[in-house]
Amino acid sequence: MIFLGNVKEYLRLETVNKNNGEILKEVVDSSLTVLWFESDCNELIIDGKKQIFSRNQIVFLTEFHNVVIEDIKQARFLRFNRPFYCILDHDTEIGCKGILFFGASQLPVIKIPQEEIDIFETLWKMFTIEMQSNDSLQIEMLQMMLKRYLILCARVYKLQENYPSSKADSDIIREFNFLVEQHFKAKHSVAEYAELLHKSPKTLSNVFSKIGSKTPSQYIQDRIMLEARRLLYYTDMQIKEIAYEVGYEDIQAFSRFFKKQEGVSPSEFKENMR
């Protein structure tokens, strides 16, 4: 089911399986995609890495993710573009910037809690019913459904990733992730992002320590590595060109950084991919 508005608004809801999985390759400018898996053992290669998804997991993708389908049993597919609903303009309402989208140092995946499955199921059913309506309020109703869907997902993600209960601390993490997505090619130090956030590097480190595993510096490095892997895997760019693209003027410094993170040199990584 596809909704097309008068000013290029686009929303699509489908059930995807191995027979129509090519939908994932559809190119829609400024689009975001949500995949809710309805069965186990779904295999996708996302940005060069194999990912296996189980029932009631949801993954969030932007137009910049490279997705290859190995095996998909059944999933609920939702895709919308910026004219339909801009999550940046509505961030104060839904709070998913830098969490579900535009914080791509790690792939955002949630597992719907058992006690919330009925809520998600009911919302999806209402969504599909509204897609079939045809009145002057349809787009407002669909936007409302999408907003509710993303709010529910963001809440689950924050709980799953142990985000701080303090809204101020949670917003710092989200904004940091978003800024890294915007500036990772030019800014490689925590201090540069702390300055953009009007915080001290120590404050950033303390906030991130509340969610455990990774430091702010590791988030920056992960985002640089993600881009480097994408370019090595999907393009024919020379390593020196890739180094420059991700902010390294010295190819040797880039190669040392890459090998420290990946365990192999950029040239070995590219050869292994082949």
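The values are calculated or read from the model by the stated rules, or taken from the named source; none is laboratory data. Computed from a predicted model, the values in this text were never measured in an experiment. We place every Cβ from the backbone using ideal geometry, glycine too, and count neighbours over all the protein chains shown.
List of remarks:
- Single match in Ile94, Ile139, Ile129, Ile110 (criterion: within 20 Å of the chain's Cα centre (by Cα) and more than 26 Å from Gln51 (Cα to Cα)): Ile94
- When region 183-214 is filtered for residues that are more than 16 Å from Ala168 (Cα to Cα) and at pLDDT below 90, the ones remaining, listed by number, are Gly212, Ser213, Lys214.
- The set of residues in region 63-104 that are surrounded by 16 or more Cβ atoms within 10 Å (Cβ to Cβ) and free of Cβ contacts under 8 Å to residues at least 12 places away in the same chain contains only Asp91.
- Looking across region 22-54, just one residue is at pLDDT 85 or above and touching a His at 6+ places or on another chain (Cβ under 7 Å), and that is Ile46.
- The condition of being hydrophobic (A, V, I, L, M, F, W, C), modelled with pLDDT of 90 or more, assigned to a helix (DSSP H, G or I) and over 30 Å from Glu249 (Cβ atoms) holds for only one of Leu142, Leu179, Leu159, that being Leu142.
- Which numbered condition Ala168 fails, given (1) surrounded by 13 or more Cβ atoms within 10 Å (Cβ to Cβ); (2) part of a helix (DSSP H, G or I); (3) not charged (D, E, K, R): (1)
- Residues of region 1-29 that turn out to be charged (D, E, K, R) and under 18 Å from Leu137 (Cβ atoms), as a count: 1
- Test result for Ser39, small (Gly, Ala, Ser) and surrounded by fewer than 15 Cβ atoms within 10 Å (Cβ to Cβ): yes
- Among the residues of region 55-78, those that are of a type in the set (S, T, N, Q) and at pLDDT 95 or above comprise Asn56, Gln57.
- Restricting Tyr219, Tyr149 to those that are assigned by TED's automatic domain parsing to the domain that holds Val109, under 16 Å from the mean Cα position of the chain (by Cα), in a helix (DSSP H, G or I) and among the aromatic types (Phe, Trp, Tyr) reduces the list to Tyr149.
- Strands (runs of 3 or more DSSP E) wholly inside region 1-117 that include at least 3 residues being β-branched (Val, Ile, Thr): 57-62, 67-71
- From the options Gly48, Gly21, residue that is at negative phi and either surrounded by 19 or more Cβ atoms within 10 Å (Cβ to Cβ) or assigned by TED's automatic domain parsing to the domain that holds Thr122 (or both): Gly21
- Unique residue being among the basic types (Lys, Arg), modelled with pLDDT under 95 and over 16 Å from Lys49 (Cα atoms) when the list is Arg223, Arg229, Arg274, Arg256: Arg256
- In the set (1) without any contact (Cβ under 8 Å) to a residue 24 or more places away in the chain; (2) within 22 Å of Phe101 (Cα to Cα), Glu227 fails one condition alone, (1).
- Taken over region 234-272, the criterion of being hydroxyl-bearing (Ser, Thr, Tyr) and buried (at least 17 other Cβ atoms within 10 Å of the Cβ) is satisfied by Tyr248, Ser255.
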